[in-house]
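Notes follow the structure.
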Amino acid sequence: MSIPKNLHSLIEKLSEKTIQKKINWIPTSRETEYQCSFKESAITTDAWTSTVGGKAVDFAVYNKDGGVIERISFSENELEYQFLKDFHNLVQRSFYKTDETFNSLFNELDNL
């Protein structure tokens, strides 16, 4: 299974807006799942290790009523896994403000 073109384009646009800090990602009740909400929809992404040891990642689009209108998931042995995993990593770094934290650390160290 490959990523449908419209979802691939959506993930690229979400990545761009996440890098620009124009999207606020929040955690869900799942340990590594993040969500962003829009007026008429919501997006989630999650990455996990299954009980049998394989890694997987997913991406879902929800309508305004909370219904899943599109979901894709890939295990680490599938070609599309890395594209979606890179997106999840970007979202996670955005939520934890990883770059800002490192910049702050470097600034403090420079001023010692």
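The values are calculated or read from the model by the stated rules, or taken from the named source; none is laboratory data. Just so it is clear, the model here is predicted, and its values are computed rather than measured. Note that each Cβ is placed from the backbone with ideal geometry, even for glycine, and that neighbours are counted across all protein chains shown.
Hey, could you check the stretch 15-39 for residues that are touching a Ser or Thr at 6+ places or on another chain (Cβ under 9 Å) and of a type in the set (A, V, I, L, M, F, W, C) and say which is nearest to F59 (Cα to Cα)?
Among residues in the stretch 15-39 that are touching a Ser or Thr at 6+ places or on another chain (Cβ under 9 Å) and of a type in the set (A, V, I, L, M, F, W, C), the one nearest to F59 (Cα to Cα) is C36.
Can you spot a residue in the stretch 39-55 that is modelled with pLDDT under 95 and within 22 Å of K5 (Cα to Cα)?
Checked against the condition, which is being modelled with pLDDT under 95 and within 22 Å of K5 (Cα to Cα), the stretch 39-55 yields no hits at all.
Restricting to the stretch 9-46, and then to whatever is in contact with a helix residue (DSSP H, G or I) (Cβ under 9 Å, 6 or more places away or on another chain) and of a type in the set (S, T, N, Q), can you tell me which residue is farthest from S75 (Cα to Cα)?
N24
Note down all Cβ pairs under 7 Å where the first residue falls in the stretch 85-101 and is over 10 Å from T18 (Cα atoms) and at pLDDT 95 or above, the second is small (G, A, S) and surrounded by 17 or more Cβ atoms within 10 Å (Cβ to Cβ), and they're at least six residues apart or on different chains.
K85/A47; H88/A47
Would you please name the residue that is nearest to W48 (Cα to Cα), looking only at residues in the stretch 65-95 that are exposed (fewer than 12 other Cβ atoms within 10 Å of the Cβ) and not polar (S, T, N, Q)?
Once the filter is applied, the top-ranked residue is L79.
Please count how many residues of the stretch 3-62 are surrounded by 13 or more Cβ atoms within 10 Å (Cβ to Cβ), without any contact (Cβ under 8 Å) to a residue 60 or more places away in the chain and in a strand (DSSP E or B).
19
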